[in-house]
1. With the requirement that a residue be aromatic (Phe, Trp, Tyr) and assigned to a helix (DSSP H, G or I), what does the stretch 21-73 give you?
2. I need the full set of residues from the stretch 18-50 which are more than 9 Å from the ligand (Cβ to nearest atom), touching a residue at least 60 places away in the same chain (Cβ under 8 Å) and of a type outside the set (A, V, I, L, M, F, W, C), in order please.
3. Only one of these is within 14 Å of the ligand (Cβ to nearest atom), assigned to a helix (DSSP H, G or I) and either over 26 Å from Ile65 (Cα atoms) or hydroxyl-bearing (Ser, Thr, Tyr) (or both): Thr90, Thr146. Name it.
4. Being within 20 Å of Thr220 (Cα to Cα) and more than 17 Å from the chain's Cα centre (by Cα) is the requirement here; does Lys37 meet it?
Amino acid sequence: MTANQTILRELPADLKRDRLPRHVAVIMDGNGRWAKKQGLPRIMGHRRGVDALKDILRCCKDWGIGALTAYAFSTENWGRPLEEVDFLMTLFERVLRQELKEMMEENVQIQFVGNLDALPRSLQNEIRSSMEETRNNKGIQFRVATNYGGRQEILQACKTIATKVQQGLLQPEDIDESVFAHHLYTAGTCDPDLLIRTSGEMRISNFLLWQVAYAEIYVTDTLWPDFDRTEFHHALAAYQQRDRRFGKVNQ
Ligand code: FPP
């Protein structure tokens, strides 16, 4: 660990604690390009991506950010080469098994968001037990979007709500933003204040479409495996410069 990283265990002095985002969402892009640049197979980029994610999760906790959501696997990612998909599924499972003890020690509450039924059975089991074991942890909410698609999430919420209306459990006039949000995978977590995307692409890529309505977006050219505390510090500093008006005007 460098001296700079040691210092960054504490919230950097230029950041205002009372203006930190409550929830940060990350699109961890660039693992494949990072690996290619090093002359390594793409899967090595995903391995290093896990290390980067672990450090950013710990950093959020150290600096007092209450929730982190990471886009690990989209509904579109099934279209990747079979070996890469298999590698990712095995990686998720292994990471969960290896990290559970530390998540308990660090008081992390992990939850997976997405259509989990389509994942390999052994991964589903690992997901279920990690969510169950960590459910009462209060240190930080860690959300992992896996087989996640924003449009698919909205559709499943609509279908559940329509069924409730059909069964007379809900009246159409009672459906408001809060009722709708309650039917999303992310129910119980506040909307992200800051959305970070690495590797330079200016896209949302079907991530948290409803939830990022008023999020500040920060895009960096840095590839995800290189996204460290210093980079995160830059993102938070940029966020704190933003004038968040939520559609209103400043008096
Ligand atoms: C995008 O880079 C990255 C992914 C699709 C996978 C991200 C997954 C992890 C970092 C593992 C997380 C694990 C757990 C258990 C939370 P890319 O492959 O699209 O990169 P490229 O655009 O350079 O090809």
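Every number here is computed from the coordinates shown, using simple stated rules; none is lab data. Note that this is a predicted model, so its numbers are computed, not measured. With ideal geometry, Cβ positions are generated from the backbone for all residues, glycine too; neighbour counts draw on all protein chains shown.
1. In the first step, residues of the stretch 21-73 are kept if they are aromatic (Phe, Trp, Tyr); the result is 34, 63, 71, 73.
Trp34, Trp63 - these are the residues of the stretch 21-73 that are aromatic (Phe, Trp, Tyr) and assigned to a helix (DSSP H, G or I).
2. Of all residues in the stretch 18-50, those more than 9 Å from the ligand (Cβ to nearest atom) come to 18-26, 37-41, 43-44.
Checking which are touching a residue at least 60 places away in the same chain (Cβ under 8 Å) leaves us with 19-26, 37.
Selection gives Arg19, Pro21, Arg22, His23, Lys37.
3. Values: Thr146 fails: assigned to a helix (DSSP H, G or I).
Just a single option satisfies the conditions, and that option is Thr90.
4. Working: within 20 Å of Thr220 (Cα to Cα): yes; more than 17 Å from the chain's Cα centre (by Cα): yes.
Criteria met by Lys37.
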